[in-house]
1. For the stretch 327-364, which residues satisfy the criterion of being open to solvent by less than 40 Å² (accessible area, probe 1.4 Å) and under 23 Å from THR134 (Cβ atoms)?
2. Within the bounds of the stretch 430-443, is there any residue that is assigned to a helix (DSSP H, G or I), acidic (Asp, Glu) and at pLDDT below 75?
3. Please state which one of ALA451, ALA371 is surrounded by 16 or more Cβ atoms within 10 Å (Cβ to Cβ), closer than 30 Å to MET139 by Cα and modelled with pLDDT of 85 or more.
4. For LEU328, indicate whether it is in contact (Cβ under 8 Å) with a residue 24 or more places away in the chain and touching a helix residue (DSSP H, G or I) at 6+ places or on another chain (Cβ under 9 Å).
5. Filter the stretch 256-271 for residues that are in a helix (DSSP H, G or I) and open to solvent by 20 Å² or more (accessible area, probe 1.4 Å) and give the result.
6. Does ILE251 satisfy the criteria of being surrounded by 16 or more Cβ atoms within 10 Å (Cβ to Cβ) and at pLDDT 95 or above?
7. Taking the stretch 272-297 on its own, how many of its residues are open to solvent by 20 Å² or more (accessible area, probe 1.4 Å) and not in a helix (DSSP H, G or I)?
8. Considering only residues that are touching a residue at least 12 places away in the same chain (Cβ under 8 Å) and open to solvent by 30 Å² or more (accessible area, probe 1.4 Å), look in the stretch 116-132 and name the one that is nearest to ALA177 (Cα to Cα).
Amino acid sequence: MSLHPHRETLEGLLLNHLPSQEVKSTVAHLLGGCDDCRQVMSPLATAMFKPGGGPEPMLSAEESSAYDRSIAAAFAKALEMGKSLESERKSAAPKSEEVFRTLERPEPLSLPEGEITWGLCDSLLDKSRALRYTDHASMLRLADLARVACDRLDPAVHGLERKSDLQARAWAELANAYRVSNEFVRAEEAMGLALELRAQGTGDPLLYARIADLSASLACDQRRFKESFRLLDLAYAIHSRYSDAHEVGRILLLKGLYTGYAGKPEEGLQLLIRGLSMIDRARDAKLVFHTLHNVLLFRVELGDYEQAQRQLQRMRPLYAAHADWLDLVKLHRLEGEIAAGLGDLETAEATFTQIREELEDAGLGYQAALASLDLAGIWLQQNRTAEVRSLASDVVSSFRALGVEREALSALHLLQDALERDQATLDVLRLVGGILRRLQNERVTRAGFEAL
């Protein structure tokens, strides 16, 4: 869209009156950060275009009333439907369990015979989301089946707008499942369909918030941080007005995590701590665990090793309760980094050597190569330059065999050149390791956190 959208178009987008064919072009224009269009948008636009807050634009009484009427109508419909959803979910429980029992089988999932109900669709979507911590393949299979089920809902029973809402939710969750499986093209296509269907629905603001925070995770994985923060601020604005403190805190946790990934761990740490104070810890224990793990990670990155060590000791019961094998490997690496930061190079060397061997035995070549760089950092501090050169050469060979990105090999060649000139320092090694870990985060989903 080369020209500015008309004021009516912008208001139509916010009030859910915009024809679906105009949604994509209008959203694309707005995400470009147009200053002129900011002047005519509602408070939600302030959240989208001015991350971190800012004064709300003044709305006329008529504009404010029209917006509130649209939101009130959407909530009235949601409350009305909520009364019947609980009974539908109970009725659908046998069919849902029938599907869940087939997850361990290799054959494609199929819907049970009989009528497809709203409760069944809702159960499939909830189960798919719950698997984000443990089983990405099953998460994707269930999300795709839920999408098929939603398409088969009878609009004569539930209404076309309500059906569109549930379809939009299904496509958004499917997009997220594609994202955690590193299928980014499919994820973007599915998210586009979710936005189109949302425009045909009831205007439920919480659905809009959910699509926004899932889209933010996709943008973050693709390192489009500016867009990710805009989307999170949009979700934050909606939840601040219509949700409880837990949902507001959850969005702050996402923003804190992504801020750290964007290279600002101190600011990210502050956001994580703020968000942690708002969430209901009994509601999602896994969320608390992953948040505290990332607090620990950022403290190590900031060099606050003594505080990190104290936190790690307090967190050991949480790791015992919630960590899987890979979480424990990450914990072990943090123990090595803390030991190195506190000057215990012998313990750090033993730790990184053990981690490398465990990852190699598990067939995780990329992660094992990263552990080799951790080990190289210890050897460099011990002036074992010849061993570091040999190790760097082995890592380059491993990465070539894995077919990694050109940027990864370029970073390793930078390290090799510095070693050959006897100019390798810990700063150079950390720079190279940081590039490689960033690329790893693009290849492998930071499981269990973004799509909370």
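1. Residues satisfying the conditions are ASP327, VAL329, LEU331, HIS332, LEU334, ILE355, LEU359.
2. yes
3. Unique residue meeting the criteria: ALA371.
4. It is false that LEU328 is in contact (Cβ under 8 Å) with a residue 24 or more places away in the chain and touching a helix residue (DSSP H, G or I) at 6+ places or on another chain (Cβ under 9 Å).
5. Result: TYR261, GLU266, GLU267, LEU269, GLN270, LEU271.
6. Spelling it out, ILE251 is indeed surrounded by 16 or more Cβ atoms within 10 Å (Cβ to Cβ) and at pLDDT 95 or above.
7. Of the residues in that region, 7 qualify.
8. Selected residue: ARG129.
The values are calculated or read from the model by the stated rules, or taken from the named source; none is laboratory data. Quick caveat: nothing in here was measured; it's all calculated off a predicted structure. As a convention, Cβ positions derive from the backbone with ideal geometry for all residues, glycine included, and neighbour counts pool all protein chains shown. Side chains are part of the model used for accessible areas, which takes the heavy atoms of the whole protein and leaves out ligands, DNA and RNA. Shrake-Rupley method; radii C 1.70, N 1.55, O 1.52, S 1.80 Å.
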